[in-house]
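> Dumping the structure here so I can ask a few things about it.
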Amino acid sequence: MGLFYECGNGWADTKFAKKDMGLDAFLCCPGPSLVPVERGRGRKVFAVNTAYPKVIPDVWVGMDHLECYDRGLWGESFMKILRGNYWEQEYNGKAVKYHPETYFASLEKPKTSMFHLRQHTSKFVWYKHTLGVAIHIMIWMGARRIYFVGCDLGGERDYYDDRKLDADLKKYNRKLYSNQVEFLRKHTLEAKAYGIEFISCRPDSPINEYMDYVNVDEAIRRSEEAVSYRDEPILHAKEADAIRKANADTGN
């Protein structure tokens, strides 16, 4: 199983893979520039790690232990995706698999490109960071345009909040950011070959060297504009039936 959950009577597989989700996707990372992108028309909002609770997403992804995240996460109604072998970890005396909307991703070492692994049962590639798993899940779900928000990957500060890290942890993060910059460089180019766009929403991130940059407000405007519809009256069911019958009778 690629993505699975506890249905109450054992494990069940999901079938969320799709060629095109028909929405823009926003990937919110916990960098200093993170802004609270809201769920709305034309977009599906994803968040990784401690981007919650500043962002309340449609889908949250975290591959670390439960203690690494805001505890309010486990009572939220949105979809939460954890590492596949963490389902027995507990919060408030209950295994996390029994908390609302928790799903588990099976991971494997890179054997082929994530862009090839898009079947319902595909496992997700473990690049040794949550960012890579989240991008694979988004592509698997059919994201064709991904906006990166709060993806600073460098600078003096690590996160948008006031957490302080000791020197060893800061050093660890700098190495991780450097690896992620190169990871995104490679996969931005590969994504284009599959008709998938990666777009930065951080004006001075190192990823702008190889990604187009769009201001986050403009990105939201574009996503909403892409699904704009005519303003038409809401009909009673009997009215709608009559109109459809009339159109069928006239061949329209």
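What follows is calculated from the coordinates using simple rules that are stated; it is not laboratory data. Everything quoted here is computed from the prediction, not taken from an experiment. Because the Cβ atoms are built from the backbone with ideal geometry, glycine has one as well, and the counts that use them run over all protein chains shown.
> Please list, in chain and number order, the residues 5+ apart from GLN89 or on another chain whose amide H is under 5 Å from its amide H, with Hs placed from the backbone.
Amide H neighbours of GLN89, under 5 Å, 5+ apart: VAL96.
> With both partners inside the chain, how many of the DSSP beta bridges are antiparallel, as a percent to the nearest 5?
If we restrict to bridges inside the chain, about 20 percent are antiparallel.
> Just subtract the alpha-carbon distance of TYR98 and CYS68 from 0.36 nm times their residue separation and send over the number in nm, one decimal.
8.9 nm
> Separate question: Given the rule -39500 (n - 2.57) for each run of at least 4 DSSP H residues, summed and divided by the residues of the chain, what is its mean residue ellipticity at 222 nm, to the nearest 500 deg cm²/dmol?
-8000 deg cm²/dmol
> Go ahead and run the numbers for FRET between ASN247 and GLU225, Cβ-Cβ distance against an R0 of 45 Å, rounding to 0.05.
Calculated transfer efficiency: 0.95.
> Let me ask something additional. Could you pull out every one of the aspartates and glutamates with an alpha carbon less than 16 Å from that of LYS128, ignoring same-chain neighbours closer than 8 positions?
Within the straight-line limit of under 16 Å, LYS128 reaches these aspartates and glutamates: ASP64, GLU108, GLU182.
> Further question: Under the rule a/c < 1.5 gives rounded, and otherwise a/b versus b/c splits prolate from oblate, where does the stretch 1-129 land using the Cα gyration tensor?
Rounded, since a/c falls under 1.5.
> Also: Kindly flag which residue pairs out of LYS18/LYS109; LYS94/LYS175; LYS19/LYS171 have an alpha-carbon separation exceeding 30 Å in this structure.
The pairs that break the limit, which is 30 Å between Cα atoms, are LYS94/LYS175; LYS19/LYS171.
> Can you return the lysines within cross-link range of LYS238? Criterion is Cα-Cα under 29 Å, with same-chain partners fewer than 8 residues away left out.
Partners within reach: none.
> So, in nm, how far is label GLU239 from label GLU88 when the simple model puts each one 7 Å beyond its Cα toward the Cβ?
Result: 5.9 nm between the two label points.
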